[in-house]
Number of protein chains: 2
Amino acid sequence: MTDIKQESLDLHTKLRGKIRIEATCEIETVRDLTLVYSPGVGAVSEEIARNPARVDDLTWRKNAVAIFSDGTAVLGLGDIGPLTALPVLEGKCAIFKRFSGIDAVPLILDTKDVDAIVETIVHVAPSFGAIQLEDISAPRCFEIERRLMERLEMPVMHDDQHGTAIVILAGLINALRVVRKEIGEIRVVMNGAGAAGIAAAKLLVTAGVRELVVCDRRGAVYEGREGLNEEKALVAGFTNREKRAGSLAEIAIGADVLIGVSAAGAFTPEIVRSMARDPVVFALANPVPEILPDVAKAAGVAVLATGRSDFPNQVNNALCYPGLFRGMLDSGVKRVTDEIKLRAARALAAAVATPTAGKIIPSIFEPGLHELVAKSVSL
Amino acid sequence: MTDIKQESLDLHTKLRGKIRIEATCEIETVRDLTLVYSPGVGAVSEEIARNPARVDDLTWRKNAVAIFSDGTAVLGLGDIGPLTALPVLEGKCAIFKRFSGIDAVPLILDTKDVDAIVETIVHVAPSFGAIQLEDISAPRCFEIERRLMERLEMPVMHDDQHGTAIVILAGLINALRVVRKEIGEIRVVMNGAGAAGIAAAKLLVTAGVRELVVCDRRGAVYEGREGLNEEKALVAGFTNREKRAGSLAEIAIGADVLIGVSAAGAFTPEIVRSMARDPVVFALANPVPEILPDVAKAAGVAVLATGRSDFPNQVNNALCYPGLFRGMLDSGVKRVTDEIKLRAARALAAAVATPTAGKIIPSIFEPGLHELVAKSVSL
């Protein structure tokens, strides 16, 4: 890690920005200027005044995505301020461009107030074809996303929720092929009830998981548990039907799948050994997973995924969002529906022809992968 | 005009956006990804958390400018909506990149409410090194700019005001050299009390003009005239010392300089003929000036400037803002002061070594011009 840290700092110091603006038009003569700017551009403005939909043919808007963060949940580092989110957002913008040609703009917000964030995003939204939210703390992220989806006629997606959920589902689909279990028959435990855990729980149930219990720091989330926030209460309504209470260690006994979006070391060998045959474990805490690969293997894990690029089976949002947004922009989708998320997950899963314990998730560099995800949107 | 309009529409249809985002970093291997994004970028976020000023070395922020418009005063077309401003803002972004390498982002606002505009811009401002305002109607533009300057520690400039004012002053300095008059001894009439007229009046007085009368549609603006808005009342306080009332035709009699930021045809040959010897006329209405060049010449105008690229002496904001913002970003200036505006105007004027009636304003393509303006900021 230390050398990656220093190398990354050095690279950022050298680059002074991982993205830049380029002009697509020539400006070499006075004539060029009159076409690109006043008076020629007046004709373009008038055309858009007559027919507002034409803005998508005549400007960059249909290919432009804004990524917003208030810096309250930056990577695994917590609420360290909006400025610290800027290099993260720039990284996403560079990834957007590299994998699907989208023009993404990083926008950090100097307020943590939910109302102010919603109003600000609504007011600049017409500049873009879609909105991505990033590194906004739970449970505020749920309300912000919900209100934006109500107000805006364009795709709005909090990537820490749905990007993660989609890649988790993709990985799970292939893990189940490896261990030969059916999605409708497994017991899943989700450890972590933040943005990613809640969204993944929702998507897994939509995908057909019948038995699922979400755990937070206080153990199993169940209907009627005291002090649940709005989002956890909602999740309690469609998970943990038996209203089981108990610690993670108690709940995990006999589970087929254990998914951690929690903290380093949360999964002990004892917990893993108490699971059903051929345990599937996703230990997604970053940079240090809930259980390390060698420990997991010794405890009998059949398929392990982590959030790390230096271990097999990396659950990485970047597998999903470039293609997903490409597909939504191209097909004019206005809402990120459950159906779209399911299709994206299935497209990602199908990109691995023959899943094995060592490869349930495709490589981000796989030729055609992002086009496949993009096409899934309009299937 | 018709062929320029059609050609511009065709060009915009072909380009589908005059700007695009490019990644400055390679993403070809898993290692690249870990440096550009998580986990490597975490070190960059932590560094910025420790030392917030480092954001300017480690991201694109110090080279990034946002251009905001609410679409209430789009070119000469009026309040035709934010979407119609997007191609105009993109044009400015392309010009920024072409002439001074700045990464400018077009942001249109779906609200006309002054409070909402100010709050929105304040909330996204930390994403950028400077803010430019564009095509916002008067007198709202004055309040919006003033409040943003109070709230933000970065350059904020409404280009329709100050960009225009700076280029007008530059042109005036050279026009006076041609007609051999001193700035402290001339009488100036400014026709138009919108964004550009008000700002130009302020800057000319700061530059040493002692006798100046601003006219609006009701004639001369003077202290105590009924129904003046806040900004015109302010201007009345330091112009028109004799509190003259009267129509433009009455006020222009004996004037040395007549500047129009008003409407086509506002300057008749009679008005021009009533001026002092060697009249200087800036007829800046677009696309049709207050008086056409051949009419002006026949009426005895000594030096004429317009806003048009197909006539000599084009007063064009694009002469100023690329270099001015380059200089402000590079030197870490936090305020666009009168002194900075004066220096920029003088730098532009000095770029024409020997002014003549046919050339008081440099060409935007003049080698070194924008660097000269940039350097003037920190002189």
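Quick rundown of the values:
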quantity: Relative packing of A:51-59, A:154-162, which averages over residues the other C-beta atoms within 10 Å, highest first; calculated: A:154-162, A:51-59
quantity: Segment A:162-221, relative contact order [Cα under 8 Å, separation at least 6], %; calculated: 38
quantity: Too-long pairs where the Cα-Cα distance tops 22 Å, listed order kept, from A:K112/B:K92; A:K232/A:K334; B:K181/B:K297; B:K181/B:K202; B:K243/B:K341; B:K62/B:K97; calculated: A:K112/B:K92; A:K232/A:K334; B:K243/B:K341
quantity: Nearest-0.05 FRET efficiency for B:A245 and B:E185, computed from C-beta distance (R0 35 Å); calculated: 0.90
quantity: Label distances, nm, B:E150 versus same residue in remaining copies, Cβ-directed 7 Å point; calculated: 3.3
quantity: Cα-centred dipole magnitude for the protein assembly as shown, charges only on beta-carbon of K, R (+1) and D, E (-1), debye, nearest 20; calculated: 500
quantity: Accessible surface buried upon A-B contact (total; probe 1.4 Å; Å², nearest 100); calculated: 8900
quantity: Gap separating the Cα centres of segment A:46-88 and segment B:303-354, nearest whole Å; calculated: 31
quantity: 10 Å-binned pair-distance histogram of segment B:318-359 (Cα, whole percent); calculated: 25, 50, 19, 6
quantity: Average accessible surface area per residue within chain B, 1.4 Å rolling probe, Å²; calculated: 36
quantity: Two-decimal Rg/Rh across chain A, once Rg and the Kirkwood Rh are taken from alpha-carbon atoms; calculated: 1.00
quantity: All aspartates and glutamates inside 14 Å of B:K14 as judged from Cα atoms, apart from same-chain residues fewer than 8 positions distant; calculated: A:E26, A:D56, A:D57
quantity: Residue among B:I251, B:I21, B:I271 with the largest mean-square fluctuation in a Gaussian network model of chain B, springs linking Cα atoms under 10 Å; calculated: B:I21
quantity: Where N is the number of residues in segment B:275-379, Cα Rg divided by 2.2 N^0.38 Å; calculated: 1.19
quantity: The protein assembly as shown shape via C-alpha gyration tensor axes, a/c threshold 1.5; calculated: prolate
quantity: Max mean-square fluctuation residue, GNM over chain A, Cα-Cα springs under 10 Å, options A:R218, A:R335, A:R244; calculated: A:R218
quantity: FRET E, pair B:E366, B:Q6, Förster distance 35 Å, beta-carbon r, rounded to 0.05; calculated: 0.70
quantity: Estimated FRET transfer efficiency when R0 is 56 angstrom, pair B:E226-A:A53 (beta carbons, to 0.05); calculated: 0.80
quantity: Full-extension gain in nm, A:K334 to A:R273, via 0.36 nm per residue minus C-alpha separation; calculated: 17.4 nm
quantity: Amide hydrogen neighbours beyond the local backbone of A:I67, cut-off 5 Å, H modeled; calculated: A:V105, A:L107, A:Q132
quantity: Calculated diffusion of segment B:1-94, Stokes-Einstein form, Kirkwood radius summed over Cα pairs, 10 °C and 1.306 mPa s, µm²/s; calculated: 93
quantity: Cα gyration tensor shape for segment A:70-133, rounded if a/c is under 1.5, else prolate or oblate; calculated: oblate
quantity: Within the accessible area of chain B (1.4 Å probe), percent carbon and sulfur; calculated: 51
quantity: Share of Cα-Cα pairs in segment A:176-283 lying beyond 16 Å, as whole percent; calculated: 53
quantity: Debye, to nearest 20: dipole size of chain A, +1 on Lys, Arg Cβ, -1 on Asp, Glu Cβ; calculated: 980
quantity: Residue (of B:A236, B:A249, B:V214) at the positive-pole extreme of segment B:203-277, dipole from beta-carbon charges; calculated: B:A249
quantity: Interface residues, segment B:60-93 - accessible area loss of 40 Å² or more versus chain alone, probe 1.4 Å; calculated: B:W60, B:L75, B:L77, B:L83, B:T84, B:L86, B:P87
quantity: Diffusion coefficient, µm² s⁻¹, Stokes-Einstein with Kirkwood Rh over alpha-carbon pairs of segment B:147-229 at 10 °C and 1.306 mPa s; calculated: 113
quantity: Point-charge dipole on Cβ atoms (K/R +1, D/E -1) for segment A:271-379, about Cα centre, debye to 20; calculated: 220
quantity: At most 16 other Cβ within 10 Å, DSSP loop - trypsin sites (Lys or Arg not before Pro), segment A:255-297; calculated: A:R277
quantity: GNM top mover of A:A85, A:A302, A:A220 - chain A, alpha-carbon springs below 10 Å; calculated: A:A302
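The values are calculated or read from the model by the stated rules, or taken from the named source; none is laboratory data. It should be emphasised that the depicted structure is a prediction, and the values quoted were computed from it without experimental measurement. Counting neighbours? That spans all protein chains shown, and the Cβs are built from the backbone with ideal geometry, glycine included. All accessible areas refer to the heavy atoms of the entire protein, side chains included, with ligands and DNA or RNA removed. Shrake-Rupley method; radii C 1.70, N 1.55, O 1.52, S 1.80 Å.
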